Amino acid sequence: MQNFITNYTKKRYLVYSIVSIIAFILPFIKINGNHFFLLSFDHSKLNLFFISFSTQEFYLMPFILMLLFLSIFFITTLGGRIWCAWTCPQTIFRVIYRDLIQTKILKIRKNINNKQKEYSGQYFKKTIAIILFYFISIITISNLLWYFVPPEDYFEYIKNPNEHFLLIGILFFASLLFTLDVTYLAEKFCVYICPYARVQSVMFDRDTMQVIYDEKRGGVIFDGKFKLHKKPPQGECIGCEACVSVCPTHIDIRAGMQLECINCLECADACSKIQNKFNRPSLINWTSVKAIETRDKIKYFRFRTIAYFIVLLIVFTALIIMGSKKEYMLLNINRSSELYQISHINDKVEISNAYTFLFQNTDSKTHEYYFEAKIEGMDNSVEIVRPSKPFVLKAGEQAKKIVVIRAIKKLVNDDQKDIIFPLHIKAYTKDDNKITIFRKTIFVYPKSTVLKEYNQK
Ligand code: SF4
Ligand code: SF4
């Protein structure tokens with residue numbers, strides 16, 4: 001005899017465990033001092049795929065958001081509410097609270113297969129369940145915060161609550177809200193609040209995977225929302241309503257697809273156990289409208305899914321290309337408002353230009369920085385007067401440097417106008433020759449009449 005029992009619920013638990021473990025340990029993993037994802041307002045930096053970006057490099061954020069939204073469109077068109085059932089924290093923590101804490105540990109609920117029945121009384125146990133979940137919430141919210149305040153800072157900060165009152169306040173208040181959500185709002189959050197639940201139906205097509213009751217096999221039970229029979233006069237559904245009592249959102253999938261259905265497939269598992277006794281597969285399947293009508297396989301490769309996939313690939317490639325162009329130091333150059341300075345040094349007339357250089361170390365290590373200056377096509381024509389020696393910047397640190405560059409010889413003899421020379425700056429770290437950047441600015445040399453006037457003074 002063939003076994004028709006499906007085990008989507010157990011598979012979901014396995015996915016929950018994997019997702020939770022990854023989400024928990026990911027903030028602790030660092031490569032070259034960088035996290036997989038960290039948006040730190042404290043240090044004004046973004047870590048993405050273990051690369052550090054400063055706030056000046058936040059041009060990557062639109063790509064990340066586009067990637068996020070396109071992934072949602074793609075996954076929803078292909079697999080329907082796969083996110084809701086398999087990875088959404090709301091569903092995961094409802095399972096932990098209702099099925100593990102309330103049912104398995106504290107025995108407030110008598111049966112995991114009946115999620116419809118509410119049990120009155122047992123106030124002591126119910127309070128214990130909420131307190132227990134509040135502690136889980138604190139760990140969960142801490143886990144979420146580690147993506148904004150890295151664990152190495154987070155554990156230091158919570159040791160000094162007086163100095164980090166905001167962080168501690170967010171932790172306890174968000175944990176309280178999350179506890180209220182999971183213990184009180186429960187699936188009402190999915191049905192009435194979650195914006196994704198409300199918009200995802202517009203992304204569905206007739207090939208999108210959904211949880212569907214096979215009316216042809218099982219028989220007609222509903223006419224629209226009106227229930228005609230408990231058990232259909234014709235069809236394989238025996239009217240046991242195991243699919244109804246197991247449903248966490250309290251719906252009857254035999255009435256057709258509904259906004260409330262989170263696609264958890266618990267009804268499919270419940271029905272498979274019943275139908276297996278008759279040597280038949282479940283009447284409730286994870287399939288598409290078209291596949292159930294044509295009794296054919298689900299069509300995964302279709303215009304919409306392929307188009308989303310191609311656009312996703314393009315945006316992902318653009319993100320990788322933009323990310324790989326990351327510079328491990330930033331340098332902005334501003335000239336001073338004065339065109340040039342003329343001075344007498346050792347009876348010699350010297351011409352210098354002043355600039356403000358804004359350096360930033362966008363690497364995760366401390367480096368020693370300096371730079372070279374060269375007029376295009378004229379070697380050994382200028383020298384750096386200030387700063388006179390290299391300087392150190394810690395990871396993420398910025399420094400404003402007043403820079404004075406002096407001509408070491410007569411550059412031009414023009415009595416009509418001041419001459420503008422292209423000036424090339426090569427900035428680099430002394431300890432890592434891979435970190436080098438080039439910038440262009442100008443060096444202004446005065447006309448000869450100005451120099452004559454200066455000499456006559
Ligand atoms: S579990 Fe299956 S057989 Fe029982 S009521 Fe639901 S659809 Fe019908
Ligand atoms: S109808 Fe089925 S798949 Fe939908 S929420 Fe209820 S049990 Fe889950």
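The values are calculated or read from the model by the stated rules, or taken from the named source; none is laboratory data. Note that the structure is predicted; figures quoted are calculated from it, not measured. With ideal geometry, Cβ positions are generated from the backbone for all residues, glycine too; neighbour counts draw on all protein chains shown. Accessible surface is based on the protein model in full, side chains and every heavy atom, while ligands, DNA and RNA are left aside. Shrake-Rupley method; radii C 1.70, N 1.55, O 1.52, S 1.80 Å.
Could you grab me the full set of residues in the range 241-255 that are open to solvent by 20 Å² or more (accessible area, probe 1.4 Å) and touching a strand residue (DSSP E or B) at 6+ places or on another chain (Cβ under 7 Å)? The answer is ALA255, and nothing else.
Of the residues VAL191, VAL182, VAL199, VAL149, the single one that is among the aliphatic types (A, V, I, L, M), assigned by TED's automatic domain parsing to the domain that holds ILE108 and free of Cβ contacts under 8 Å to residues at least 12 places away in the same chain is VAL199.
Restricting attention to the range 235-260, and to residues there that are more than 10 Å from ligand 2 (Cβ to nearest atom) and not acidic (Asp, Glu), which single residue is nearest to THR91 (Cα to Cα)? Filtering first and then ranking leaves LEU259.
So, in the range 263-281, of the ones that are under 38 Å from the mean Cα position of the chain (by Cα) and outside any helix (DSSP H, G or I), which residue ends up nearest to ligand 2 (Cβ to nearest atom)? Applying the filter and picking the extreme gives CYS264.
Of all the criteria given as (1) within 16 Å of ligand 1 (Cβ to nearest atom); (2) surrounded by 15 or more Cβ atoms within 10 Å (Cβ to Cβ), the one not satisfied by ASN279 is (2).
Take the conditions closer than 16 Å to LEU423 by Cβ and crowded, with 16+ Cβ neighbours inside 10 Å and apply them to ALA291. Does it pass? When the stated conditions are applied, ALA291 does not pass them. Annotation note: Cβ proximity below 6 Å between a residue of the range 84-107 that is touching a residue at least 40 places away in the same chain (Cβ under 8 Å) and a residue that is open to solvent by 40 Å² or more (accessible area, probe 1.4 Å) (sequence gap 6+ or interchain) occurs for TRP86/VAL15; THR87/VAL19; GLN90/PHE189.
The set of residues from the range 219-248 being in contact (Cβ under 8 Å) with a residue 12 or more places away in the chain, outside any loop (DSSP other than H, G, I, E, B) and farther than 28 Å from ARG109 by Cβ is empty. Before we move on, is VAL315 more than 16 Å from ligand 1 (Cβ to nearest atom), touching a Phe, Trp or Tyr at 6+ places or on another chain (Cβ under 7 Å), closer than 25 Å to LEU68 by Cβ and part of a helix (DSSP H, G or I)? Here the answer is yes, as VAL315 does meet what is asked. If you go through the range 92-113 one residue at a time, do you hit one that is surrounded by fewer than 18 Cβ atoms within 10 Å (Cβ to Cβ), at pLDDT below 95, farther than 26 Å from ALA197 by Cα and within 16 Å of ligand 2 (Cβ to nearest atom)? Yes, the conditions are met somewhere in the range 92-113.
Applying the set (1) buried (at least 19 other Cβ atoms within 10 Å of the Cβ); (2) without any contact (Cβ under 8 Å) to a residue 60 or more places away in the chain; (3) out of contact with any Asp or Glu (no Cβ under 9 Å at 6 or more places or on another chain) to LEU166 leaves exactly one unmet item: (1). Filtering CYS261, CYS247, CYS237 for residues that are within 7 Å of ligand 1 (Cβ to nearest atom) and outside the structural domain of CYS88 (by TED's automatic domain parsing) leaves a single hit, CYS237. Listed by first and then second residue, the pairs with beta-carbon distance under 7 Å, at least 6 apart or on different chains, first residue in the range 375-386 and hydroxyl-bearing (Ser, Thr, Tyr), second open to solvent by 60 Å² or more (accessible area, probe 1.4 Å), are SER381/ILE408; SER381/LYS409.
Those residues that are within 8 Å of ligand 1 (Cβ to nearest atom) and either open to solvent by 50 Å² or more (accessible area, probe 1.4 Å) or closer than 23 Å to ASN111 by Cβ (or both), I need them from the range 206-218; list them, please. TYR213 - this is the single residue of the range 206-218 that is within 8 Å of ligand 1 (Cβ to nearest atom) and either open to solvent by 50 Å² or more (accessible area, probe 1.4 Å) or closer than 23 Å to ASN111 by Cβ (or both). The strands (runs of 3 or more DSSP E) found wholly in the range 375-457 and carrying at least 1 residues that are assigned by TED's automatic domain parsing to the domain that holds ARG335 and farther than 30 Å from ASP42 by Cβ occupy 382-386, 398-407, 419-429, 436-445. Within the range 219-240, the only residue that satisfies the criterion of being surrounded by 13 or more Cβ atoms within 10 Å (Cβ to Cβ) and of a type in the set (Phe, Trp, Tyr) is PHE222. In the range 1-54, of all residues being charged (D, E, K, R) and at pLDDT below 90, the one that is least open to solvent (accessible area, probe 1.4 Å) corresponds to LYS45. Set side by side, the residues ILE274, ILE310 differ, and just one is within 16 Å of ligand 1 (Cβ to nearest atom) and of a type in the set (Val, Ile, Thr), which is ILE274. For the criterion of being closer than 30 Å to GLU236 by Cα and open to solvent by less than 60 Å² (accessible area, probe 1.4 Å), GLN360 fails.
Restricting attention to the range 282-303, which residues are in a loop (DSSP other than H, G, I, E, B) and either in contact with a Gly (Cβ under 8 Å, 6 or more places away or on another chain) or away from ligand 2 (no atom under 16 Å from the Cβ) (or both)? Of everything in the range 282-303, those that are in a loop (DSSP other than H, G, I, E, B) and either in contact with a Gly (Cβ under 8 Å, 6 or more places away or on another chain) or away from ligand 2 (no atom under 16 Å from the Cβ) (or both) turn out to be LEU283, ARG295, ASP296, LYS297, ILE298, LYS299, TYR300, PHE301, ARG302.
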